[in-house]
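Report on the following structure.
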Amino acid sequence: MRNHKIGRNGIVLQPMEPGVRLFRTWQFQLSVLIPLSFAAFFFFWISEVENLEFELSSEAVRNLWNHHKLSLTLLGLIFPFTALVASHHRSVQAAEQIRQQQSQNTLTNHFIHTEEFIKVWHELGLPTQANLGKSMREIHSEIFPDSLNGELAISKEFIRELEDIIEKSHDLLDAIRLQPQQRHLFNNLRGVWKRLNNITGLSAPQLKGAPEIYPYTAVFKYTQEIIKNVELTIEVSSFLPPNSIRNMKTTVRALQAHLEKVCTEPVQREGELATLGGNLEALLEHLGTTNTGNISTLEGINNYFHDLVCSGKFTDDEIKHAFPWEKAIQRQMHLSDDMNDWISQHHPSLSLE
């Protein structure tokens, strides 16, 4: 609430602000009152000292000018003082108009920038609003937090978070390469994705198959999704120059190369394991049903069984999850003796789950 000074005469003395009339500002009123007060003081004081009397004559007029030059000069100061105050008042009003125009331009630029951001988001093929964890305007605010204030630079915190996501993904790949059996590392990778979700609203990918059975495949797909969406986020954040962080793509490409180095061979191995298990299950489904003892089917089963079990390429733990135990036990009477012996030998320790 504004503070107004009220004099004895009831005139409200208001500050020099754009919405206040010039004549009601205390600066204007003082520019009139101060010279007027001094002029009146010296007028009456000189009149008293010189014993001047009021007369309507040419001599009285000459005496008025001769004796009251100081008072009349002080009185004349009202005009330059009020002119200066009026000029300042116009400057204040002009400055306010410029400020309001700049504020309006800033707001307009914010909405235009947001709409262009959403447009580029769709052009890059990023998920639609229905598939995001937050609104696109919220995502825009995460990346450009000061756009409402006219600052369209990308947030330094946002850049640091993206860089840390890339670095953390790289470190997790190193840890997975050194300790492939550490299943909690995949959960750590989920945590990295969650951080990406917090700033972009992008949902985690849906994986087929449990990561504990095919960890490298899960890690590869998850990291691949992180890389893809980080690249898209970099691109959508850099749609207007000079606000570009495309130089970060060099680090993303390095992460992609590291991912392929760590996961390519294990993923191929897990893919082969899954294929062998799936082929065995498909053949076992028909064995002993419509074509009992079908020679070609049994031969195919023996070949897949040899590649999976007898080749020595896979560990017992991997075979446990890939081998179709339930189907094999149901079709046991139709299998060859070596397969039945192997199932009987291993099934007790590798119970169905």
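Things worth noting here:
- Tally, over segment 153-170, of residues that are assigned to a loop (DSSP other than H, G, I, E, B) and buried (at least 17 other Cβ atoms within 10 Å of the Cβ): 2
- Checking Ser244, Ser238, Ser203 one by one, the residue that is under 18 Å from the mean Cα position of the chain (by Cα), at pLDDT 90 or above and within 29 Å of Gln129 (Cα to Cα) is Ser238 and no other.
- Test: residue in segment 215-229 that is at pLDDT below 85 and surrounded by fewer than 19 Cβ atoms within 10 Å (Cβ to Cβ): no
- Helices (runs of 4 or more DSSP H) (entirely within segment 291-333) containing at least 3 residues that are crowded, with 17+ Cβ neighbours inside 10 Å: 295-305, 316-322
- Residues of segment 153-163 satisfying the condition of being free of Cβ contacts under 8 Å to residues at least 24 places away in the same chain and out of contact with any Pro (no Cβ under 9 Å at 6 or more places or on another chain): Lys156, Arg160
- For the condition assigned to a helix (DSSP H, G or I), of a type in the set (Gly, Ala, Ser), modelled with pLDDT of 80 or more and loosely packed, with under 12 Cβ neighbours inside 10 Å, Ala40 does not qualify.
- Residue under evaluation Leu240, criteria (1) assigned to a helix (DSSP H, G or I); (2) surrounded by fewer than 19 Cβ atoms within 10 Å (Cβ to Cβ), criterion not met: (1)
The values are calculated or read from the model by the stated rules, or taken from the named source; none is laboratory data. Only a predicted model underlies this, so the values are computations on that prediction, with no experimental measurement involved. In this analysis, Cβ positions are derived from the backbone assuming ideal geometry, glycine residues included, and neighbour counts consider all displayed protein chains.
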